[in-house]
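The values are calculated or read from the model by the stated rules, or taken from the named source; none is laboratory data. Treat the numbers as computed from the prediction; the structure is a model and nothing was measured. Note that we place each Cβ from the backbone using ideal geometry, even for glycine, and neighbour counts take in every protein chain shown. When the accessible area is computed, the model is the full protein with side chains, heavy atoms only, and any ligands, DNA or RNA have been set aside. Shrake-Rupley method; radii C 1.70, N 1.55, O 1.52, S 1.80 Å.
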Amino acid sequence: MQFQQLQYFVAVAETRHFTRAAELVHVAQPSLSQQIKALERELGADLFLRARGNITLTDAGEALLPLARRILADTETARYEVQELVQLRSGRVRLGATPSLCTGLLPDVLRAFHDRYPGIRLLIEEGGSHDLVRELARGALDLALVVLPLPTPSPALTTVELLREDLVVVSSPEVSRPGHGRRTVRIADLEGERLVMFRHGYDLRELTVAACRAEGFEPDFAVEGGEMDAVLGFVRAGLGVAVVPRMVAARSGRGLRVTPLARPGLHRAIALAHRSDVAPPRAARELQRMLLER
């Protein structure tokens, strides 16, 4: 089994077309077809069902596809690792993070990293912890900042807790302060408040809804389905209140009133995760060090 054959196989699987796949990998279509057939002989199974104008994966092809993608991703990572210079003058880091961390924690750390290593490309992917764990497992990310506990704990990942962060309630100064004007607000005080809620898959959504249900009520949504910037904008407009991380509230600028949650409050644990079976590239390890020492 050759690396090139796996590359051709993935191209056909993704395009479902031999000619387009050949164009994608810059090879003549007959050569690509010959390599696919050689791979099938090597494996002892057909990988594609070939019908005029319709290319589909067989069961063997479906089984091979995620493994082939991981092999290609690991090979690409190895290539970057070898190409990195001792002084870290070149290379890349693929970092995943939840949107709230991209807003709150990362800007200062990434600025310090970029100032020290301007030749390192930073590739950032925003997503929920569930999506980021999946991307880590398939080799598409070097590191990820995720919220603990993980939605689906994986022995294939190593996690190191980075920080514990308080959550706060934000509201518009133009409306009444939640909690009947008190300096702090309890989760129970959110009953009857209209909430601006994040989309499904957002860690903060699950945390907030679970906290409300633990107090015996279902949260009332004024607006739901937004990303972090949209949620803050809707709160500024007076549509409702939202529960957000303290760091995000501190960086959000004018137009928001911040009210702490009364003890015991709500908190979330942030961890840095990477695959256990593959050491992160050198540049990623340096960013990991800076995050842990921040």
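Only one entry in 41, 89, 79 is out of contact with any Ser or Thr (no Cβ under 7 Å at 6 or more places or on another chain), exposed (fewer than 14 other Cβ atoms within 10 Å of the Cβ) and in a loop (DSSP other than H, G, I, E, B), namely 89. With respect to the conditions (1) in contact with a strand residue (DSSP E or B) (Cβ under 8 Å, 6 or more places away or on another chain); (2) within 27 Å of residue 7 (Cα to Cα); (3) assigned to a helix (DSSP H, G or I); (4) open to solvent by 20 Å² or more (accessible area, probe 1.4 Å), residue 124 lacks only one, and its number is (3). Listed by first and then second residue, the pairs linking a residue in the range 4-31 that is under 17 Å from residue 56 (Cβ atoms) to a residue that is loosely packed, with under 15 Cβ neighbours inside 10 Å and not β-branched (Val, Ile, Thr), with Cβ atoms under 7 Å apart and 6 or more places separating them unless they lie on different chains, are 18/29; 19/29.
Residues to consider are 136, 148, 195; find the one that is at pLDDT 95 or above and either among the aliphatic types (A, V, I, L, M) or within 30 Å of residue 276 (Cβ to Cβ) (or both). Talk me through it step by step, then tell me what you get.
Values: 136 fails: at pLDDT 95 or above; 148 fails: at pLDDT 95 or above.
Result: 195 is the single residue among 136, 148, 195 that is at pLDDT 95 or above and either among the aliphatic types (A, V, I, L, M) or within 30 Å of residue 276 (Cβ to Cβ) (or both).
Can you give me the number of residues within the range 1-38 that are part of a loop (DSSP other than H, G, I, E, B) and under 36 Å from the mean Cα position of the chain (by Cα)? Walk me through it before giving the result.
Looking only at the range 1-38, we keep the residues that are part of a loop (DSSP other than H, G, I, E, B), and these are 1-2, 16-17, 25-28.
With the extra rule that they be under 36 Å from the mean Cα position of the chain (by Cα), the set shrinks to 1-2, 16-17, 25-27.
Residues that pass the stated criteria total 7.
Only one entry in 269, 242, 273 is closer than 19 Å to residue 180 by Cα and either charged (D, E, K, R) or assigned to a strand (DSSP E or B) (or both), namely 242. Scanning the range 160-180 for residues that are closer than 21 Å to residue 220 by Cβ, among the aliphatic types (A, V, I, L, M) and either open to solvent by 70 Å² or more (accessible area, probe 1.4 Å) or assigned to a strand (DSSP E or B) (or both) yields a total of 4.
A Cβ distance below 6 Å, combined with a sequence gap of six or more or placement on separate chains, defines the contacts here; from the range 169-185, residues that are under 13 Å from residue 249 (Cβ atoms) reach residues that are in a loop (DSSP other than H, G, I, E, B) and of a type in the set (A, V, I, L, M, F, W, C) in the pairs 170/256. The numbered conditions (1) open to solvent by less than 10 Å² (accessible area, probe 1.4 Å); (2) assigned to a strand (DSSP E or B) are all true for residue 291 except (2).
Kindly provide the set of residues from the range 231-255 that are touching a residue at least 24 places away in the same chain (Cβ under 8 Å) and either of a type outside the set (A, V, I, L, M, F, W, C) or surrounded by fewer than 17 Cβ atoms within 10 Å (Cβ to Cβ) (or both), ordered by number. Walk me through it before giving the result.
First, pick out the residues of the range 231-255 that are touching a residue at least 24 places away in the same chain (Cβ under 8 Å): 231-232, 234-252, 255.
Within the range 231-255, 236, 237, 238, 240, 245, 246, 250, 251, 252, 255 qualify.
Here are some residues: 137, 144, 156. Which one is under 24 Å from the mean Cα position of the chain (by Cα) and either open to solvent by less than 10 Å² (accessible area, probe 1.4 Å) or closer than 23 Å to residue 247 by Cβ (or both)? Answer to the selection: 144. Remark: pairs (first residue in the range 111-136, in contact (Cβ under 8 Å) with a residue 40 or more places away in the chain and on the phi < 0 side of the Ramachandran plot; second residue exposed (fewer than 15 other Cβ atoms within 10 Å of the Cβ) and among the β-branched types (Val, Ile, Thr); Cβ separation under 9 Å; 6+ apart in sequence or on different chains) = 130/152; 133/152. With the requirement that a residue be in contact with a helix residue (DSSP H, G or I) (Cβ under 6 Å, 6 or more places away or on another chain), charged (D, E, K, R) and either assigned to a strand (DSSP E or B) or surrounded by 17 or more Cβ atoms within 10 Å (Cβ to Cβ) (or both), what does the range 181-230 give you? Within the range 181-230, 203 is the sole residue that qualifies. With respect to residue 285, is the statement that it is at pLDDT 90 or above, touching a strand residue (DSSP E or B) at 6+ places or on another chain (Cβ under 7 Å) and over 20 Å from residue 107 (Cβ atoms) true? Answer is no for this residue. In the range 206-217, the residues that are at negative phi and touching a residue at least 12 places away in the same chain (Cβ under 8 Å) reach residues that are hydrophobic (A, V, I, L, M, F, W, C) and assigned to a loop (DSSP other than H, G, I, E, B) with C-beta atoms within less than 7 angstrom, at least six apart or across chains, in these pairs: 207/266; 211/266.
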